[in-house]
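Peer 1: I am attaching a structure below and will ask some questions about it afterwards.
The values are calculated or read from the model by the stated rules, or taken from the named source; none is laboratory data. Owing to the predicted nature of the structure, the values given are computational and were not obtained by experimental measurement. Every residue, glycine among them, receives a Cβ derived from its backbone with ideal geometry; neighbour counts consider all protein chains shown. Note: accessible area is taken over every heavy atom of the protein model, side chains too, but ligands, DNA and RNA are not part of it. Shrake-Rupley method; radii C 1.70, N 1.55, O 1.52, S 1.80 Å.
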2 protein chains.
Amino acid sequence: MDVLVPFDAREPKTRLFPVLDTDERREFARVMLADVCAAIAATDREPTVLSTTDVDTNWPVVVDDRPLSDAVNGAIADSDRAVAVVMADLALATPESLERVFAADGEVVLVPGRGGGTNAVLTRRSDFRVDYHGVSIRDHRKQAAAIGVEPTTVDSFRLATDVDEPPDLAEVLLHSDRAAATWLREHDITPAVSEGRVTIDRGT
Amino acid sequence: MDVLVPFDAREPKTRLFPVLDTDERREFARVMLADVCAAIAATDREPTVLSTTDVDTNWPVVVDDRPLSDAVNGAIADSDRAVAVVMADLALATPESLERVFAADGEVVLVPGRGGGTNAVLTRRSDFRVDYHGVSIRDHRKQAAAIGVEPTTVDSFRLATDVDEPPDLAEVLLHSDRAAATWLREHDITPAVSEGRVTIDRGT
């Protein structure tokens with residue numbers, strides 16, 4: 001099985017702007033990427049980072065500067081093996097949650113993300129195509145149906161939680177014991193409660 | 001096993017205000033409650049609605065007007081069986097996701113909700129106590145540790161998704177095929193994409 005981790009090395013995680021500055025966002029994105037790759041490796045599979053530009057990491061990197069969906073579809077079409085695609089900002093991913101995906105039955109396995117996204121895909125069909133634009137989970141179900149496949153769904157809070165906006169950092173602090181959580185603590189970011197919702201505080 | 005579904009019948013779901021008016025919020029909350037109870041019943045367990053005031057439902061109701069945590073703790077202390085507590089706004093709950101909770105090993109089983117919440121609990125210890133105020137998942141871990149228990153965690157996107165705010169309605173539309181999703185469609189509420197995030201539209 002090929003396990004791809006798409007990564008946009010150029011200007012990652014812009015929606016974390018209110019809390020993290022440009023350099024911090026770049027650094028934190030790489031810490032999350034490393035956590036995801038390490039969790040994949042702990043399932044005895046080797047991650048390949050599919051990056052828009054070269055990126056310094058301990059894992060194999062394939063550079064493809066096409067838009068995300070095109071780069072992933074190229075990799076699926078070119079591979080003669082099953083292909084899994086795991087998003088690089090799944091800071092809550094654990095080997096156990098990822099193993100549920102890799103071990104799932106079915107020709108196409110989908111892991112919904114919050115807000116209509118698709119945070120992981122496993123396809124054993126080389127004619128499956130991804131489209132990450134818009135409400136991708138809906139499009140991926142249609143795409144599976146179009147090739148005659150009833151997709152398998154993996155129901156995981158950890159994998160549904162991509163880290164895009166400041167409140168997502170609280171999820172990392174509450175549910176991860178990996179490097180991304182340590183990085184946030186070292187940058188004085190802590191969970192806070194405001195009007196019954198969890199958000200974050202940043203110390204000075 | 002006792003399966004309790006706490007329900008605040010007085011002024012439910014105020015944060016859905018921008019989309020649903022008072023009567024609609026009340027009605028939608030009851031539709032979600034019915035979906036959750038039906039999903040529990042489909043696991044061959046009988047739900048009991050633990051309600052702040054009497055509520056018209058097909059399921060047994062126990063009225064307790066104390067605050068949520070006090071009412072649940074009273075029920076745990078008074079029962080001589082395992083007690084499960086499932087939130088009434090888990091509109092994405094399915095029999096399969098709930099069965100993972102009810103069948104989980106361990107003296108205390110916790111299901112994290114988004115934003116630090118605890119969306120379901122199963123306790124086989126009558127000395128476990130809940131506290132839903134603030135970052136409850138953290139408090140529940142501490143509470144389990146205080147009685148010498150390492151809690152089991154069930155990792156479920158469906159059960160992590162409580163329906164509190166307008167974007168949560170999109171999750172219902174995308175991932176439920178039950179009455180709550182039908183109700184939303186009948187009220188012309190549809191998913192919409194705005195700046196790459198899923199939100200909802202309401203027809204006129």
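Peer 1: Where the centre of each part is set by its Cα atoms, how far does region A:1-67 sit from region B:162-198, in angstrom?
Peer 2: Each part's Cα centre sits 31 Å from the other's.
Peer 1: Rank these by accessible area, largest first, 1.4 Å probe: A:LYS142, B:LYS13.
Peer 2: Reading off the accessible areas and sorting them downward yields A:LYS142, B:LYS13.
Peer 1: At a probe size of 1.4 Å, how large is the accessible area of B:LEU50, to the nearest 10 Å²?
Peer 2: Surface open to solvent at B:LEU50 totals about 20 Å².
Peer 1: To continue, here is another question. Of all DSSP beta bridges located in region B:2-163, what percent are antiparallel, nearest 5? Intermediate results must be reported in sequence, preceding the final value.
Peer 2: On the way: 9 of 22 bridges.
About 40 percent, rounded to the nearest 5.
Peer 1: For the protein assembly as shown, with every protein chain kept in place, what is the accessible area per residue (1.4 Å probe, Å²)?
Peer 2: 42 Å²
Peer 1: Please compute how much accessible surface disappears when A pairs with B, both sides summed, using a 1.4 Å probe, and round it to the nearest 100 Å². List each step's numbers first, then the result.
Peer 2: On the way: alone 9830 and 9840 Å², together 17330 Å².
So the total buried area for this chain pair works out to about 2300 Å².
Peer 1: Also: Compute the FRET efficiency between A:ASP105 and B:VAL62 as 1/(1 + (r/R0)^6), taking r as their Cβ-Cβ distance and R0 = 30 Å, and round to the nearest 0.05.
Peer 2: Once rounded, the FRET efficiency stands at 0.15.
Peer 1: Tally the DSSP beta bridges in the protein assembly as shown and give the antiparallel ones as a percent, rounded to 5.
Peer 2: Bridges in the protein assembly as shown are about 55 percent antiparallel.
Peer 1: Given R₀ = 41 Å, FRET efficiency for A:ARG15-A:GLU46 by Cβ-Cβ distance, to 0.05?
Peer 2: So the FRET efficiency works out to roughly 0.85.
Peer 1: To the nearest 10 Å², what's A:ARG138's accessible area with a 1.4 Å probe?
Peer 2: Surface accessible to solvent at A:ARG138 totals approximately 90 Å².
Peer 1: Another question, if that's okay. If packing is taken as the average count of other Cβ atoms within 10 Å, what order do B:67-80, B:122-135 fall into, highest mean first?
Peer 2: Values: B:67-80: 15.7, B:122-135: 18.1.
Highest mean packing first, the order is B:122-135, B:67-80.
Peer 1: So what is the 222 nm mean residue ellipticity for chain B from helices alone, if each DSSP H run of at least 4 adds -39500 (n - 2.57) and you divide by all residues, rounding to the nearest 500 deg cm²/dmol?
Peer 2: Numbers: 7 runs with 72 residues, N = 204.
After summing the helix terms and dividing by the residues of chain B, the value is -10500 deg cm²/dmol.
Peer 1: By how many degrees, 0 to 90 and rounded to 10, does the Cα axis of helix A:136-146 deviate from the longest principal axis of chain A?
Peer 2: Taking Cα atoms only, the helix is inclined about 10 degrees.
Peer 1: Here's a follow-up. Of all beta bridges DSSP finds with both residues in region B:44-133, what is the antiparallel percent, to the nearest 5?
Peer 2: Close to 75 percent.
Peer 1: If I compute solvent accessible area with a 1.4 Å probe over the protein chains, what percent of it on chain A is carbon and sulfur?
Peer 2: Answer for chain A is 45 percent, counting heavy atoms of protein chains only.
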